[in-house]
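So the structure is just underneath, and the comments pick up after that.
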Amino acid sequence: SELQEGLSDSLTTGSSIAGTRETDLISFSTLFGDAQVAEQFLSDIKDMANVTPFLYDDLTSMSKTLKTFGYAVSEMIPALTAVGDTGAALGLSVSDMNIVATAIGRMRQTDKVTLEYLNMLSERGIAAIDWMAEAGGISKGDVYSNISAGRYSGEQMAQLILDNMALNYGGAMERQSQTFSGLSSTLEGLTQELYNAQGEGYNAARKQGIQDQIDFLGSEAGGQM
């Protein structure tokens, strides 16, 4: 029946989502070096996904980018919020937001400010050069001269840019979440959470069945078969 097909489809989807979440926990436990920290962080990501226009998978992808560039766990939610608000305000794709996170992360990690990194931001509508000029009380031409001479700390400028993103675009995710598109995304995210809950129970039972099959096929009786 259609009902049975629907239940089957939701279990299949839920099993896939739950399997991915299980892999995410292992991945982030490795990244953070602590399973409990990873579990709490992913719970925070889930909460963030439920009240923003972004899905859980979007946020975990950006989180991995930030962690790659040395962000501590305590720094990641504020950084994700700044990047997410900027993306919502400027209409950036998730791919674009990952590029923004990469540019800022590279500046921070290398402690260098280069035109390559800044162009990755300016091409997406982020006025990093203007903010650097305002902060220094100098012209944009002077900023370019300072960049060429290597006078800037990448770590300091990365934080300056993140702070300005938060200042200029703060709250944009919340505003976008109330649009039709944002509400649709939130509904999709919450539906995924429902499927995930179903999938966790299904996978737990199925894993036991799979292990029983493995044990049997690896036994003498399985070998005789």
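Residues of the stretch 94-132 being open to solvent by 10 Å² or more (accessible area, probe 1.4 Å) and aliphatic (A, V, I, L, M), which ones? Across the stretch 94-132, the qualifying residues are Val94, Ile99, Val113, Leu115, Met120, Ala127, Ile129.
Please determine whether any residue of the stretch 51-59 is under 30 Å from Ser145 (Cβ atoms), outside any helix (DSSP H, G or I) and aromatic (Phe, Trp, Tyr). Among the residues of the stretch 51-59, not one is under 30 Å from Ser145 (Cβ atoms), outside any helix (DSSP H, G or I) and aromatic (Phe, Trp, Tyr), which makes the answer no. Within the option set Gly154, Gly137, being over 27 Å from Arg175 (Cβ atoms), more than 23 Å from the chain's Cα centre (by Cα) and modelled with pLDDT of 95 or more holds for one residue only, Gly137. Scanning the stretch 73-96 for residues that are part of a helix (DSSP H, G or I) and farther than 19 Å from Leu31 by Cβ returns Thr81, Ala82, Gly84, Asp85, Thr86, Gly87, Ala88, Ala89, Leu90, Val94, Ser95, Asp96.
When the residues of the stretch 29-44 are filtered to those that are touching a residue at least 24 places away in the same chain (Cβ under 8 Å) and surrounded by 18 or more Cβ atoms within 10 Å (Cβ to Cβ), which remaining residue is farthest from Tyr71 (Cα to Cα)?
Phe41
Within the stretch 153-166, take every residue that is in contact (Cβ under 8 Å) with a residue 60 or more places away in the chain and open to solvent by less than 30 Å² (accessible area, probe 1.4 Å) and give me the one that is nearest to Leu90 (Cα to Cα). Ranking the qualifying residues of the stretch 153-166, first place goes to Met165. With the condition kept exactly as written, say whether any residue in the stretch 13-24 is modelled with pLDDT of 90 or more and under 14 Å from the mean Cα position of the chain (by Cα). No, every residue in the stretch 13-24 fails to be modelled with pLDDT of 90 or more and under 14 Å from the mean Cα position of the chain (by Cα).
Within the stretch 135-152, is there a residue that is touching a residue at least 24 places away in the same chain (Cβ under 8 Å), open to solvent by 30 Å² or more (accessible area, probe 1.4 Å) and within 20 Å of Gly84 (Cβ to Cβ)? No, every residue in the stretch 135-152 fails to be touching a residue at least 24 places away in the same chain (Cβ under 8 Å), open to solvent by 30 Å² or more (accessible area, probe 1.4 Å) and within 20 Å of Gly84 (Cβ to Cβ).
The values are calculated or read from the model by the stated rules, or taken from the named source; none is laboratory data. Here the structure is a predicted model, which is why all the values come from computation and not from measurement. Cβ coordinates were reconstructed from backbone atoms using ideal geometry, including for glycine residues, and neighbour counts include every protein chain displayed. Only protein heavy atoms, including side chains, enter the accessible area calculation; ligands, DNA and RNA are left aside. Shrake-Rupley method; radii C 1.70, N 1.55, O 1.52, S 1.80 Å.
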